[in-house]
1. Can you bin region 54-154 into rounded, prolate or oblate? Criterion: square roots of the alpha carbon gyration tensor eigenvalues sorted a ≥ b ≥ c, rounded for a/c under 1.5, prolate for a/b above b/c, oblate for the rest.
2. Specify the inter-centroid distance of region 180-212 and region 107-171, based on alpha-carbon positions, in whole Å.
3. Once you put a point 7 Å from the Cα of residue 47 and another 7 Å from the Cα of residue 135, both along the Cβ direction, what distance in nm separates them?
4. For 119, 52, what ranking results if the residue with the fewest other Cβ atoms within 10 Å of its Cβ goes first?
5. Report the gain in length on full extension from residue 162 to residue 186: 0.36 nm times residue separation, minus Cα-Cα distance, nm rounded to one decimal.
6. Quick one: length gained pulling residue 212 to residue 97 fully straight, 0.36 nm per residue minus the C-alpha distance?
7. Taking 0.36 nm per residue of sequence separation and subtracting the Cα-Cα distance, how much length would be gained by fully extending the chain between residue 83 and residue 144, in nm to one decimal?
């Protein structure tokens, strides 16, 4: 005696709602209701990254306090260029925030313009940092203090470089027909959070390196 097993199609109610693409609306709602931990994951990574910077800060302050300098050597740092760089990064945080606002308001053209402005500000910061490197009164291998200074600012510069690349990717994805829209903009939110983190680290770094 044979037994007929119910098919998957027969298990679905005949009146189940179906989307215009032929998929079940209930399945889509179930997927959308699943918790999204992507931003939480990014925030966790940034906290860990911040601990790395904290280690650099501690090492820098320790070497500065205990590392003896040769007689006649000077570590006076110019404030003008680092201050300009600080202003550039602070402004870039506002421009990136504005890009997010325009994106959520479905004004993608304006959003891309603000993203491009943020990219220019980030690139200007990197150019300013390179100019500073060539005008410093000490080199990378002079002593532990100098090496830690270059490692700290260089590590932050690497983060800014990665941030600029991410902003350019988001700028491209925000074009008409791209992956980033007013309703799907996680990529922009993630890049913005990362950029604010990089800016905040620089403000702390500026206070430790140039003001203390």
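Only the coordinates and a few stated rules stand behind these numbers; no lab work does. Note that the coordinates shown come from a computational prediction; the quantities given were computed from them, not determined experimentally. Virtual Cβ from ideal backbone geometry, glycine too; neighbours counted across all protein chains shown.
1. Details: a/c = 3.94, a/b = 2.68, b/c = 1.47.
Note, shape of region 54-154 comes out prolate.
2. Region 180-212 and region 107-171 have Cα centres separated by 12 Å.
3. Modelled inter-label distance: 4.0 nm.
4. Details: 119 21, 52 10.
If I rank by nearby Cβ atoms, fewest first, I get 52, 119.
5. 6.9 nm
6. Details: separation 115, 0.36 × 115 = 41.40 nm, distance 3.03 nm.
Separation in residues times 0.36 nm, less the Cα-Cα distance, equals 38.4 nm.
7. Working: separation 61, 0.36 × 61 = 21.96 nm, distance 2.46 nm.
Difference between extended and current length: 19.5 nm.
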